[in-house]
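Here the structure comes first, spelled out in structure tokens, and everything after it is commentary.
The values are calculated or read from the model by the stated rules, or taken from the named source; none is laboratory data. Keep in mind that this is a model prediction, so the values were computed, not measured. Ideal geometry is used to build each Cβ from the backbone, glycine not excepted, and the neighbour counts take in all protein chains shown. Side chains are part of the model used for accessible areas, which takes the heavy atoms of the whole protein and leaves out ligands, DNA and RNA. Shrake-Rupley method; radii C 1.70, N 1.55, O 1.52, S 1.80 Å.
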Amino acid sequence: MSELPLNYAKDPVVSFNEEEKLFRDVVREFCQRYIAPKWIEIDERAEKDPIDIPLDLIKKMGEQGLFAIPCDPKYGGQGGTYTMAVIAVDEIAYADPAVAIAVYALLNNGWPFALQQFAREEVCEEIIPEVAKGNAFFGIATTEPQGGSDIAGIKTTARKEDGKYIINGEKSYISGVGEVTKLPWGGGWFLVARTGGPGHRGLSAFAFLARRNGVLRSGFNPTIYPDIGRHGLTTGGFICENVEIEEKYLLGQENRGFYHVMEGFNLARIVVAAACIGATRWLLEQAALWFKQRKLFEGRYISSFQGVNFKFAELYAKYEAAKYFVYRAARLADKIYIEKDPTLNPKDLNIPVALAKMWAPETAVDIAEEVMKWHGAFAYTKECPVYRAWLGLFSYVIGAEGAQNIMRYIIARDTLGSKYVRPS
Ligand SMILES: Cc1cc2nc3c(=O)[nH]c(=O)nc-3n(C[C@H](O)[C@H](O)[C@H](O)COP(=O)(O)OP(=O)(O)OC[C@H]3O[C@@H](n4cnc5c(N)ncnc54)[C@H](O)[C@@H]3O)c2cc1C
């Protein structure tokens, strides 16, 4: 591996055991071989045609074992840890800082693992092996046109009838709509719909397979949106008109879907933040490479100006803090879900995860903007790829997997106590 342009802090905030180091090295080699040389081409092609999905790469990643990493091997998962999923996503985003491939990978680690917590055995056995092989996509579908932050206000309904649920409604800004329609097997989402009365206690969660075994469900009508960035992974919407799903696809308990999906978000947000730190590492290295060549004012490196190197130091500190938040949350997830530590419960992830999801995307975008400024006018041309990372990462500041203010709300609510934070 070539020499890195940055001297990272020698005492890393994150120390890996031997198995994790080996895993990271193997994943890094794969990513540098198959993703790093292709990420710009993937982004460019899908910018022209959003449905131009890198199916061959997804298949290769499946063969490499990069999906369903923490899932149980008895369901076709890789039998790894959540920390390993984070390591993989960190490496994938370093190789694809536009983060489309990283987001594909993070969704197909986080949400199958959430599925495993609530689905019946036969449903896990049906979905997880296909996701693991790269034949199917499994993500999350909560957002609706009236607003994504207000999950308790979800309008899509699931009416129980003769051992089936009939789904009606619309979901918007959903990642993976194109993938579900194009991958060999299909897939779907951890979908939340209303089975009871108003508010969060009337919601249930489902393993909603819009397409399986290559067959699209009747009444499922997808559309693809023209995203501004992270091309290579589609975002879209869908309308369900009397889509029938079998009762077995109910996740957990009826009318407890709000709590189940919040638990899923805690898992998924860790890998979201992992994608952000991977891309940030690439950004910082781009800055370092640029600093080593750009000279002005009688041959001074631009990084010799304090206006530049002080800013760099501050941003590097933010990156190290982000890395700490991400890996701390991953280790805690391992204690709760893999080691099943009886002194902990899933809600203990709320604060660590919200810190990671609040901090890592904002840090990544701040750094992307600064790296663009350090590159001067060159950054405003398509020759300089930094803008691709900036546009991809911005999806997480906008709100994918939960708006930033919602992370702030969770941190304030759980540290101060909800009585002092909720509007009266
Ligand atoms: C690229 C991309 C991919 C996505 N993929 C998925 C997906 O796969 N599945 C899915 O379900 N959704 C997905 N989303 C949607 C995402 O979850 C929503 O964008 C997010 O939940 C915010 O919802 P919204 O966009 O409707 O904004 P709104 O909820 O309307 O919020 C608008 C603004 O108001 C602020 N705000 C809202 N409520 C509060 C509050 N109580 N206090 C303070 N501020 C508040 C928010 O911070 C935000 O800035 C994706 C979004 C993007 C951009």
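Which shape class applies to region 257-420: rounded if a/c is under 1.5, otherwise prolate when a/b exceeds b/c and oblate if not, where a ≥ b ≥ c are the square roots of the Cα gyration tensor eigenvalues? All intermediate terms of the calculation are to be shown ahead of the outcome.
Numbers: a/c = 2.63, a/b = 2.40, b/c = 1.09.
It comes out prolate by the Cα gyration axes.
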#### Entry: Qualifying trypsin sites (Lys or Arg not before Pro) for region 287-381 [loop in DSSP, other Cβ within 10 Å: at most 12]
Lys292, Lys340
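Enumerate by residue number the GluC sites (Glu not before Pro) in region 283-357 meeting two conditions: DSSP loop (anything except H, G, I, E, B), and at most 14 other Cβ atoms within 10 Å of the site's Cβ.
On the way: sites: Glu285, Glu298, Glu314, Glu320, Glu339; in loops: Glu298, Glu339.
Of the GluC sites (Glu not before Pro), the ones in loops of region 283-357 whose Cβ has at most 14 other Cβ atoms within 10 Å are Glu298, Glu339.
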### Query
Relative to the longest principal axis of the chain, what angle (0 to 90°, nearest 10) does the C-alpha long axis of helix 18-34 take?
80
### Task
Rounded to the nearest 10 degrees, what's the angle between the helix 82-95 long axis and the longest principal axis of the chain, both from Cα atoms, 0 to 90?
50
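Quick one: of the DSSP bridges fully inside the chain, what percent are antiparallel, nearest 5?
On the way: 33 of 40 bridges.
In the chain, DSSP labels about 80 percent of beta bridges as antiparallel.
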#### Entry: Listed residues Ile128, Ile101, Ile410, most fluctuating in the chain (Gaussian network, C-alpha, under 10 Å)
Ile410
## Note on the structure
Sparse-neighbourhood loop hits (trypsin sites (Lys or Arg not before Pro), region 1-84; DSSP loop; Cβ within 10 Å at most 12 others) -> Lys10
### Query
Taking a spot 7 Å from the Cα of Lys21 along the direction of its beta carbon, which residues of region 284-311 have an amide N less than 12 Å from it?
none
### Task
Springs between alpha-carbon atoms under 10 Å, Gaussian network over the chain: tell me which of Val261, Val371, Val86 tops the mean-square fluctuations.
Val371
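If you take the beta carbon distance between Leu344 and Gln253 as r and set R0 to 22 Å, what does 1/(1 + (r/R0)^6) give as a FRET efficiency, to the nearest 0.05? Provide the component values of the computation, followed by the final result.
On the way: r = 22 Å, r/R0 = 0.99.
Once the sixth-power term is evaluated, E becomes 0.50.
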### Message
Quick check: at a probe of 1.4 Å, how many percent of the accessible area of region 257-420 sits on carbon and sulfur atoms?
### Response
60
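Rg over Rh of region 18-137, using C-alpha atoms and the Kirkwood radius, what does it come to? Write out the running numbers ahead of the final one.
Working: Rg = 14.1 Å, Rh = 14.4 Å.
Rg divided by Rh gives 0.98.
Go ahead and estimate [θ] at 222 nm for the chain from helices alone: -39,500 (n - 2.57) per DSSP H run with n ≥ 4, summed, over the residue count, rounded to 500. Numbers along the way, then the final one.
Details: 12 runs with 202 residues, N = 424.
That comes out to -16000 deg cm²/dmol.
Compute the Cα gyration tensor for region 60-199, then decide on rounded, prolate or oblate, letting a ≥ b ≥ c be the square roots of its eigenvalues: rounded whenever a/c is under 1.5, prolate when a/b is larger than b/c in the other cases, and oblate in all that remain.
Working: a/c = 2.03, a/b = 1.50, b/c = 1.36.
Taking the square roots of the gyration eigenvalues as a ≥ b ≥ c, region 60-199 is prolate.
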### Task
Could I get the Rg over Rh figure for region 138-251? Both from C-alpha atoms, Rh via Kirkwood, rounded to two places.
0.96
### Query
Based on the Cβ-Cβ distance of Thr381 and Lys335, what FRET efficiency does E = 1/(1 + (r/R0)^6) give at R0 = 41 Å, to the nearest 0.05?
0.30
### Query
Ile51 versus Ser424, label points 7 Å from Cα toward the beta carbon: distance in nm?
5.5
## Note on the structure
Semi-axes of the chain from the Cα gyration tensor (sqrt of 5 times each eigenvalue, largest first, whole Å) come to 36, 23, 21
### Query
What's the local net charge at Leu57, with K and R +1, D and E -1, over the other residues with C-beta under 10 Å away?
+1
### Message
In whole percent, and with a 1.4 Å probe on the protein chains, what portion of the accessible area of region 18-137 is carbon and sulfur?
### Response
45
### Query
Under Stokes-Einstein, with the Kirkwood radius over Cα pairs standing in for Rh, what whole-number D in µm²/s applies to region 1-69 at 37 °C and 0.692 mPa s?
225
## Note on the structure
Given a Förster distance of 22 Å, the FRET efficiency implied by the Cβ-Cβ spacing of Phe305 and Val397, rounded to the nearest 0.05, works out to 0.20
## Note on the structure
For the chain, longest principal axis from Cα atoms; helix 306-333 axis from its Cα atoms; angle between them, nearest 10 degrees, is 30
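Compute the length gained on full extension between Lys60 and Lys373: take 0.36 nm times their separation in residues and subtract their Cα-Cα distance, giving the result in nm to one decimal. Don't skip to the answer; put the middle values down first.
On the way: separation 313, 0.36 × 313 = 112.68 nm, distance 3.61 nm.
Length gained between Lys60 and Lys373: 109.1 nm.
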